[in-house]
Amino acid sequence: MCQEYVPKTISVKKQTTGPTKPRKTTWRLPLPLVVAALPFLPTAMYVNRGYTVWFHLVSTIYFLSRSPFVRQVAILQGVGICLGWYSAIIYDAIVEGTFCHTLYRNMPNRSNYLLDLDDGGYEMLDITFQSLAHKLLAHTLDFIGHPGLLWLLIASHKASGGSFVDLASWNVIASAWYLSRSWSLFHSYVNQGRFALWYFGHDIYNLASLDCYLVAYVAEAVCFAGVASYRLHKDFEGRLPLRESRKGGALFEMAHYYATPKKCGVEDFPQLIHSESAASALSAM
């Protein structure tokens with residue numbers, strides 16, 4: 001008796017699906033047309049406005065044009081903004097001992113729970129049902145304008161088959177970083193008469209300390225550094241050669257075969273085939 005290893009074959013059944021429904025056409029505008037309309041916006045929509053407002057403008061450009069590239073830039077921009085904004089709020093709470101006062105001082109309904117002083121400071125009003133309701137409204141608007149909009153963009157990205165690798169392309173990273181620095185360059189020139197890659201000033205946000213800018217910029221830089229490191233890792237990983245084995249000067253592909261033993265018997269050897277024509281031929285001899 002001997003044993004022979006016979007490769008096992010695996011059959012894959014093809015599943016048949018019914019007729020697919022036609023996709024609904026999405027209303028959209030040409031991206032060049034949307035970009036060409038930006039200079040006609042009122043200056044109050046982008047001059048001395050927070051970087052979050054620019055994030056909202058970029059998101060609006062995406063929802064009008066449905067450009068995948070604009071969506072990817074907006075997602076990376078939104079991640080950096082959320083990290084920077086909430087890092088500044090946490091820093092202000094730890095250093096100044098004022099929880100979310102940075103948020104309250106920069107909301108449009110701040111007159112309902114604080115009083116702005118002539119010296120640039122502020123004073124929180126007594127806690128009432130009305131002030132608590134307006135504080136809750138401030139937190140709701142903050143959630144919608146920061147992580148809420150970011151979640152909506154990410155959901156749209158996933159629904160269209162996108163992945164995190166798409167967000168880590170060099171074009172997206174460079175565009176999002178350039179957009180962030182453009183906000184600083186623009187506002188430093190408008191308010192201070194000089195160009196600076198990182199803006200510091202009291203012309204846009206009401207802050208107890210300008211250190212909040214530094215905290216936000218560091219958090220944003222960590223975001224960009226993390227995505228860029230991931231991109232470098234993927235680029236390096238893509239250049240690695242496949243696993244090969246060298247034998248006798250030739251390259252062989254390494255593979256694994258799954259087999260089941262089969263017994264060798266008499267039935268495995270070739271045999272004479274009996275037929276009437278063969279028997280008549282033997283009898284005639």
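The values are calculated or read from the model by the stated rules, or taken from the named source; none is laboratory data. Since this is a predicted model, take the numbers as computed values, not measurements. With ideal geometry, Cβ positions are generated from the backbone for all residues, glycine too; neighbour counts draw on all protein chains shown. Heavy atoms of the whole protein, side chains included, go into the accessibility calculation; ligands, DNA and RNA do not. Shrake-Rupley method; radii C 1.70, N 1.55, O 1.52, S 1.80 Å.
Descriptive notes on the structure:
- Tally of residues being assigned to a helix (DSSP H, G or I) and either surrounded by 18 or more Cβ atoms within 10 Å (Cβ to Cβ) or in contact (Cβ under 8 Å) with a residue 60 or more places away in the chain (or both) across segment 165-183: 13
- Applying the criterion of being touching a Leu at 6+ places or on another chain (Cβ under 8 Å) and in a helix (DSSP H, G or I) to the residues of segment 122-148, the residue that is modelled with the lowest pLDDT is SER131.
- Filter result for ILE94 (loosely packed, with under 13 Cβ neighbours inside 10 Å and modelled with pLDDT of 90 or more): yes
- Consider segment 137-164 and keep the residues that are more than 20 Å from TYR86 (Cβ to Cβ) and in contact with a Pro (Cβ under 9 Å, 6 or more places away or on another chain). The one that is surrounded by the most Cβ atoms within 10 Å (Cβ to Cβ) is HIS157.
- Residue list for segment 64-91, restricted to those being closer than 30 Å to ALA208 by Cα, among the β-branched types (Val, Ile, Thr) and at pLDDT 95 or above: ILE75, VAL79, ILE81
- Checked against (1) open to solvent by 20 Å² or more (accessible area, probe 1.4 Å); (2) under 20 Å from THR140 (Cα atoms), LEU64 passes all but condition (2).
- Cβ-Cβ contacts under 8 Å between residues 6 or more apart (or on different chains), taken from a first residue in segment 131-151 that is under 14 Å from ASN112 (Cα atoms) to a second residue that is open to solvent by 60 Å² or more (accessible area, probe 1.4 Å) and not β-branched (Val, Ile, Thr), are listed as SER131/LEU125; ALA138/ARG110.
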